[in-house]
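The values are calculated or read from the model by the stated rules, or taken from the named source; none is laboratory data. Keep in mind that this is a model prediction, so the values were computed, not measured. Cβ: placed from backbone, ideal geometry, glycine included. Neighbour counts: every protein chain shown.
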Amino acid sequence: MNRRGLTFTEMLVYVILFAIFLGLISGIFTWMRHSQGSVRRLDIFHQLRVSSFQISDQLAYAPAIIFPRADPGGRAWNQIVFRNQANEVVALFLNQKNQLVQLNWTNHCLQREPVFTVLTEDTIRFRVKRPAESYVEFDLRMKEGKDAKAREFSLTNSVRLRNVIR
């Protein structure tokens, strides 16, 4: 028997198998895209949590808060300056590259450059309130991406200062 082509039934079976295979492959790529977004969001949450812990830890044992002064009215500032346990002047602020930066300035830094440490990337807001002499509240806000529809994530924390010298 000499066959010259495919029958309609054979062609239909091949098309159905190809469609099932294509559906499985596209499903895999869809789930991969979703998991990448989830990992990116978890990374942002991790950055927020770690930076909040570092700020809280340093502020809790700071012997002096230089700026802002205690304001019962609750005015918010974009930076905080304090002395840490090693008597270094430390400033936390948001730079032009949307990075939350920690600047350490010591007495022996007069000969050298001050030490900058980046705590978080893609930070869109850092606010500090000091409603009482021994109490500081701060708010960090980060964005997931660069576009206007990107999600924003926020973390608010407060610290009761233990070592403030009055």
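What number of residues in segment 74-97 are surrounded by fewer than 16 Cβ atoms within 10 Å (Cβ to Cβ) and in contact (Cβ under 8 Å) with a residue 12 or more places away in the chain? I'd like the intermediate steps shown before the answer.
Let us first name the residues in segment 74-97 that are surrounded by fewer than 16 Cβ atoms within 10 Å (Cβ to Cβ), namely 74-76, 78-79, 85-87, 95-97.
Applying the additional criterion that residues be in contact (Cβ under 8 Å) with a residue 12 or more places away in the chain yields 74-76, 78-79, 85-87.
Looking only at that region, the number is 8.
Name the single residue that is surrounded by the fewest Cβ atoms within 10 Å (Cβ to Cβ) among those in segment 31-70 being among the charged types (D, E, K, R) and in contact with a strand residue (DSSP E or B) (Cβ under 8 Å, 6 or more places away or on another chain).
Going residue by residue through segment 31-70, those that are among the charged types (D, E, K, R) are 33, 40-41, 43, 49, 57, 69.
Restricting the remaining residues to those that are in contact with a strand residue (DSSP E or B) (Cβ under 8 Å, 6 or more places away or on another chain) gives 41, 49, 69.
On the way: Arg41: 13, Arg49: 13, Arg69: 10.
The qualifying residue surrounded by the fewest Cβ atoms within 10 Å (Cβ to Cβ) is Arg69.
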### Task
Take the residues in segment 98-117 that are part of a loop (DSSP other than H, G, I, E, B) and more than 20 Å from Thr156 (Cα to Cα), then tell me which one is modelled with the lowest pLDDT.
Gln111
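Checking the conditions here, which among Ile28, Ile16 is at pLDDT below 90, more than 30 Å from Thr123 (Cα to Cα), of a type in the set (Val, Ile, Thr) and out of contact with any strand residue (DSSP E or B) (no Cβ under 7 Å at 6 or more places or on another chain)?
Ile28
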### Query
Where residues in segment 1-45 are basic (Lys, Arg) and part of a helix (DSSP H, G or I), which of them is farthest from Arg141 (Cα to Cα)?
Arg33
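From the residues in segment 62-97 that are among the aliphatic types (A, V, I, L, M) and assigned to a loop (DSSP other than H, G, I, E, B), which one is farthest from Phe138 (Cα to Cα)? Break it down into steps so the answer makes sense when it comes.
Going residue by residue through segment 62-97, those that are among the aliphatic types (A, V, I, L, M) are 62, 64-66, 70, 76, 80-81, 86, 89-92, 94.
Right, trim to assigned to a loop (DSSP other than H, G, I, E, B) and you get 62, 70, 76, 86.
Working: Ala62: 15, Ala70: 14, Ala76: 9, Ala86: 22 Å.
Among them, the one singled out is Ala86.
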### Message
If Leu59 satisfies all but one of (1) out of contact with any Phe, Trp or Tyr (no Cβ under 9 Å at 6 or more places or on another chain); (2) assigned to a helix (DSSP H, G or I), what's the number of the condition it fails?
### Response
(1)
